[in-house]
Structures are given as C-alpha cells and as structure tokens.
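See below for the structure under consideration.
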Amino acid sequence: SAVISQKPSRDICQRGTSLTIQCQVDSQVTMMFWYRQQPGQSLTLIATANQGSEATYESGFVIDKFPISRPNLTFSTLTVSNMSPEDSSIYLCSVEADRGQQQYFGPGTRLTVT
Amino acid sequence: QQPVQSPQAVILREGEDAVINCSSSKALYSVHWYRQKHGEAPVFLMILLKGGEQKGHEKISASFNEKKQQSSLYLTASQLSYSGTYFCGTITGANNLFFGTGTRLTVIP
C-alpha cells in the first residue's frame, strides 16, 4: 500500500496567479499521476510523471499551463498557472502500486479561483 | 476515450441488489473499479484482467468481457456503507488509467 499526502488541502486564489500543489508518498514509486475532478464529475488524467523524465500530458493539457516536477521517487508537484475560474476543481495525485494492480490516491487539493 | 457507465444514478433500499455497467469503445487490457464517497479520494475495489474472469469482494463482485469491451459491477444485499459514486477505470495500450463517467449509488434504510 501507499500513503499519500497533498498540500495544500484547499486554497482560494485570484485569477492570473499560480498555485503549486505538492504530493508526497511514503514509499518510492515509479509512476505518479495527476488528475483533475470538477464538481460532480469524473476524474480526468492530466499527466503522468516519471522520475528522471519529462511528464507526459494528456490531450487538452499542456506543460505551460500545468508544469510538473518529479525530483525524486517520493515527491511531485503540479503547478496551475495563470489561473482562471475554469480551473476551479479538485486536483488529485495518485501512484501506481502493487505492480500496477491498483492506484492509491491522495486526499486532493480543492482549488477555487475567484 | 472515456468509458461510459450506466446507470448514472441509482437509489436502493438496504438489502437490494444493483448492477453497474461500464462500456469502452477501445480495446481493454484491464478494468479497475473504485468507489468515492463525498469529499474523499477514490478507493480501489478490484481489478479485472483479460480472460473474462469474475472477481468477488465480500458482497461486491465484477465481471469483464473483453470481447464486448464491457465490465459490470454487482452489489448484492446492499448496505448503507455502499453509498457513493462508483467509477470504472480502464487501462488501454498506454498503461494509463481512464475513469468512466461514474454512477452515483444511494442506499437508504
């Protein structure tokens, strides 16, 4: 299993600013994922972050808007840049564990952009 | 690419059964099922791999038909604790997990 923490748990930000979300895992993992979940909606994969390589972004998400860092095997950050109200959402990180048999999710960061 | 789930929502009385379906337009390597309670992170329930296997987890079981690219989650003798939103997640060739549209399940006394 894996225990994941995220910081901050929630934030209210003004449009045009940026927020960096941190994700910390209690064990070393190869693959980390970032998801976005808008209110009442499903989870949408933003990108996959492997240590030592650039993140791979899904369609509709770009590095300039959502830069990701993965400096080691237990930590990653996601930055939401130049925010607009449409970025208001819950952002979750997850890790693959048990040889890909499942993913464990962090508690999420609830972002509100005004 | 997002898998489609049905029904979108269902209300059950304690002890009743339910089936949640998940359908994909792409070939599937595996299907994951998660449950998310309001304000919480999704929690893994089970994974099904290619081969048409059926898995069980107490009173929750699932099947996977890779030819039809479909999976079904079966909840029997539902309990109040089963309430939440259920998501299927499908793994395609890129080994990334894509979540379905979700099914909101409410169990009432």
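Quick note: the coordinates plus some simple rules give every number you see, no bench work behind them. What you see is a predicted model, and the numbers here were worked out from it, not measured in a lab. Backbone-built Cβ (ideal geometry, glycine too); neighbour counts: all protein chains shown.
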I'd like to compare A:19-31, A:52-64: which one has the highest average count of other Cβ atoms within 10 Å, and what's the full order after that? A:19-31, A:52-64
Residue by residue, what Karplus-based ³J(HN,Hα) values in Hz, rounded to whole numbers, does the range B:6-14 have, using 6.51, -1.76 and 1.60 with θ = phi - 60° and x for Gly and Pro? 9, x, 6, 8, 8, 10, 10, 8, 3
Using a 4.7 Å Cβ cut-off, which Cys residues in chain A lack a partner cysteine? A:13
So which lysines can residue B:68 reach, going by Cα to Cα under 28 Å and dropping same-chain residues fewer than 8 places off? B:26, B:50, B:55, B:59
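When you look at the Cβ of every residue in A:44-51, what mean number of other chain Cβ atoms sits within 10 Å?
Details: counts 3, 6, 0, 1, 4, 0, 0, 0.
Taking all residues of A:44-51 together, the mean is 2.
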If you average the alpha carbon positions of the range B:1-44 and of the range B:95-109, how far apart do those two centres end up, in angstrom? 3 Å
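Using the C-alpha atoms of chain A, what convex hull volume per residue, in cubic angstrom, is computed?
Values: hull volume 10.9 nm³, N = 114.
Looking at chain A, the number lands at 96 Å³ per residue.
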Beta bridges per DSSP with both ends in chain A, % antiparallel, nearest 5: 90 percent
What ranking do B:98-104, B:37-43 get when scored by the average of other Cβ atoms within 10 Å per residue, highest first? B:98-104, B:37-43
Kirkwood hydrodynamic radius for the protein assembly as shown: how many Å is it when counted over pairs of different Cα atoms? 18.0 Å
Rank these for me by crowding, A:68, B:60, going from fewest to most other beta carbons within 10 Å. B:60, A:68
Please give every one of the lysines within straight-line cross-link reach of residue A:65, meaning a C-alpha to C-alpha distance under 21 Å, and leave out same-chain neighbours fewer than 8 residues apart. A:7
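Count the net charge of all other residues whose Cβ sits under 10 Å from the Cβ of residue A:112, scoring Lys and Arg as +1 and Asp and Glu as -1. Please report the intermediate quantities before stating the final value.
Numbers: positive: A:10, A:110; negative: A:11, A:87.
Net of charged neighbours comes to 0.
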If every Lys and Arg gets +1 and every Asp and Glu gets -1 at its Cβ, then about the Cα centre chain A yields a dipole, in debye to the nearest 20, of 220 debye
log₁₀ of I(q)/I(0) at q = 0.23 Å⁻¹ - chain B, Debye sum with one point per alpha carbon: -1.27
Sort B:5-12, A:44-51 by packing, meaning the average of other beta carbons within 10 Å per residue, with the highest value first. A:44-51, B:5-12
